[in-house]
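Asker: I'd like to ask some things about the structure below.
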Amino acid sequence: MPTRRDFLKSSAKAGVLLGCVTPQALAALAPQEDSQAKVTPDLVRFTPDVEPIVRLIEETPREKCFDMMVEQIRCGLPYRNFLAALFLAGVRDVKPHPVGFKFHCVLAMHSANQLSLDAVSEDRLLPLFWALDQFKGSQNDRRQGNYHMPALTGTLPSPEKAADEFHAAMQAWDEERAGRAVAAFVRSHGADEVVEAMFRYGARDFRDIGHKGIFVANSWRTLQTIGWRHAEPTMRSLVMALLDVGRDRAGESHDDADYLKNVERAKRALPHLPATWTGPGQDDAATRDLLDAMRTASVGDACERLLTQLQSGKTEAQGAWDAVHLASGELIMKQPEIRGIHAVTSTNALHYAFRTAANPETRLLILLHGVAWMARFRESMQSGGFRPVKITDLPVETVSADPARAAAEVLELIGPNTPTAAARAFALAKKHPEPEAYTKMARRLIFRKGTDAHHYKYAAAVFEDYAMVSPQWQPHMLATSVYYLRGSHDPDSKLMTRAIESVRKV
């Protein structure tokens, strides 16, 4: 097993390559108290290209991290290695129980990366500097006792039994057994097979208001950027998240009743669906009808409405997803708080899973769950009160013919008059169907004024969803964006002001 001396040797090698890291520099950064970041011999190790950077991130005090990372970038640290190190530090040092809260430093990594890729050049590093601070804030959470993912112990199943053992462990909600099985699964099977299995389990459990499905989608998206070679620790963390039952005891309620019923629905209905059911067909009347079901019907009745539409050919998957996105957007308009946000971000994750999965039964199950979760979100949110608004009845407003000016007018209204901002955004998308000026300005406001992970997660999801719905529904989706974006009048984040100053030094 590698020792600390082995690590320092690898750090010295990285220092030669980058011209920065030396054993002496690393020692100076290391915390003086063992309780801050104790590294044990059984700590899971990453590939040599990122392990030294992960350790620098882990061992550098929070207030010194920006300066440390500026120095690494100056010395040639690639963007992808920066992203990988941040993501893997979270996987190794933050326990995914519960799936949310402090674990957002991992959940939001894809969102930070996506906003970074879409940003203007001078802003491109800002989301990762924000993510760096997020990790440091989550790393030494007293409630989890300075968690570190350990190396695997015990006997792994053989390659030919890995997949079956993984599914058996997941269905038994056995975390220790599943951790060993998923390691063998990753080592012996292709990425597509592993991730498709995860998509099903991500949709299984509504307990964490969609966070499990979000983790599946966003971890896969991040791995596509940083490389499948980092999959094993990522999938082990993901399994821990998927099997988290909170205060429940193993063998008791796992909040998967909707999933089990939808598994049966998918098996029953799939042989009777038209061959084109996964296609781009849509019908406004059918979309509105399914939206109404998610507004008022029970979970089961809403799912049956979807199957009736698909079987009759009244709509195809595109029209159904239009309805699910409209339902999620309406929920955040009705209640722009934490559950409304997750109605949007979990829909984004499920739709991504649908587009990515290959097995028709998996795809139908995920679409059914998109409908089920919107009805379940509605039920869980009703006690908090709903604003009297319907996404299909937005008022008409006038906006400037100049896209940049129209965008600025919308963003100035967020906060002081958010409903009017929504109406203006609706009008903006009708007049300017490619709202690049709006999304560019909105991203810059997040980079300067964003204060929590949901600002990043929500923005990345809602901007992507705009392109995922049929053109006639895109103005409605842009209208929903204002309910958790930063507005022009929001105060600047002191953290991001520091980040901007640091990035200017690169």
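Asker: Rounding to the nearest 20 debye, state how big the charge dipole of the chain is about its Cα centre with +1 on each Lys and Arg Cβ and -1 on each Asp and Glu Cβ.
Answerer: In total the dipole reaches around 840 debye.
Asker: Among K136/K334; K431/K494; K95/K505; K390/K494; K64/K212; K390/K431, which pairs are too far apart, with a Cα-Cα distance over 27 Å?
Answerer: In this structure, K136/K334; K431/K494; K95/K505; K390/K494; K64/K212 exceed 27 Å between Cα atoms.
Asker: Let me ask you something else. Report the charge-dipole magnitude of region 282-421 in Debye, nearest 20, computed about the Cα centre from +1 at each Lys and Arg Cβ and -1 at each Asp and Glu Cβ.
Answerer: Around 340 debye, computed over region 282-421.
Asker: Quote the charge dipole size of region 137-194 about the Cα centre in Debye, to the nearest 20; the model charges only the Cβ of Lys and Arg (+1) and of Asp and Glu (-1).
Answerer: 300 debye
Asker: Name the residue from T497, H476, H167 whose Cα lies farthest towards the positive end of the charge dipole of the chain, charges +1 on Cβ of Lys and Arg and -1 on Cβ of Asp and Glu.
Answerer: Of the options given, the answer is T497.
Asker: Residues with amide H under 5 Å of N146's amide H, sequence separation 5 or more or different chain, H placed in the peptide plane at 1.01 Å from N; which?
Answerer: Sorted by chain and number, the residues that satisfy this are D141.
Asker: While we're looking at this one, here's another question. Would you kindly state the longest site-free stretch of the chain, with sites defined as GluC sites (Glu not before Pro) in a DSSP loop (not H, G, I, E, B) surrounded by at most 10 other Cβ atoms within 10 Å?
Answerer: 253-506
Asker: Enter the per residue convex hull volume of region 40-194, computed from alpha-carbon coordinates, in Å³ rounded to the nearest integer.
Answerer: Considering the Cα atoms of region 40-194, their hull volume per residue is 141 Å³.
Asker: Roughly to the nearest percent, how much of the accessible area of region 152-282 is carbon and sulfur, given a 1.4 Å probe?
Answerer: Answer for region 152-282: carbon and sulfur cover 49 percent of the accessible area.
Asker: Would you work out which of F46, F447, C75 lies farthest towards the positive end of the dipole of the chain, given +1 charges on the beta-carbon of Lys and Arg and -1 on that of Asp and Glu, about the Cα centre?
Answerer: After comparing all options, I get C75.
Asker: Starting from 0 in steps of 20 Å, tell me what percent of the Cα-Cα pairs of the chain lands in each bin.
Answerer: Here the calculated profile for the chain is 23, 54, 23, 1.
Asker: DSSP H helices in the chain with Cα extent of 24 Å or more along the helix axis and mean Kyte-Doolittle hydropathy at least -0.5?
Answerer: Once both thresholds are applied, what remains is 317-334, 338-356, 360-381.
Asker: Say the dipole of the chain comes from +1 at the beta carbon of Lys and Arg and -1 at that of Asp and Glu; which of Q318, M149, G281 then lies farthest toward its positive end?
Answerer: M149
Asker: Counting only residues 5 or more places away or on other chains, whose amide H sits under 5 Å from the amide H of L43 once H atoms are built in the peptide plane?
Answerer: Answer set, sorted by chain and number: A151.
Asker: Just the number, please: carbon plus sulfur as a percent of the accessible area of region 62-132, 1.4 Å probe, no ligands or DNA/RNA counted.
Answerer: The computed percentage sits at 49.
The values are calculated or read from the model by the stated rules, or taken from the named source; none is laboratory data. For clarity, every value in this text was computed on a predicted model and none was experimentally measured. Ideal geometry is used to build each Cβ from the backbone, glycine not excepted, and the neighbour counts take in all protein chains shown. The area values use the complete protein model at the heavy-atom level, side chains included, leaving out ligands, DNA and RNA. Shrake-Rupley method; radii C 1.70, N 1.55, O 1.52, S 1.80 Å.
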